[in-house]
Amino acid sequence: MVECETGDGPLEQVPALLRPNDVAKLLSVSRAWVYEAARTGRIPSVRLGGEDGPLRFVAADLEDWLAEARSSWLPGQRGQSGSALGGRQVPGFVQQPLL
């Protein structure tokens, strides 16, 4: 969260926004994949100022999206309907074992 001064005086909490490059690095995917996934609604995103505005991502939304995808993942199965991924696999995303 980022604190910012509003015109009314009190500080307001605003979620930190990530850029497509940041998301690509975090997910270990290409920037092109991030743009395509956002365009098709595969990954949660926002456009600032309308459909032609800059593409941004709310970190908490991405954390929730990943948590839902991981909770529905089962070894040996391609995808689960009702998952955050809509039953599709994420190209370039490999489940890493926890240490």
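The values are calculated or read from the model by the stated rules, or taken from the named source; none is laboratory data. Bear in mind that the values here come from a model prediction, so they are computed numbers and not experimental data. Neighbour counts run over all protein chains shown; Cβ positions are idealised from the backbone, glycine included.
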Problem set entry | Neighbours by Cβ (under 6 Å, 6+ apart or cross-chain): first from the stretch 16-29, at positive phi; second surrounded by 18 or more Cβ atoms within 10 Å (Cβ to Cβ) and of a type in the set (Phe, Trp, Tyr) | none
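For the chain, give me every one of the strands (runs of 3 or more DSSP E) that falls completely inside it and has 2 or more residues that are modelled with pLDDT of 70 or more and under 10 Å from the mean Cα position of the chain (by Cα).
Values: elements: 2-5, 11-14, 55-58.
Correct list: 55-58.
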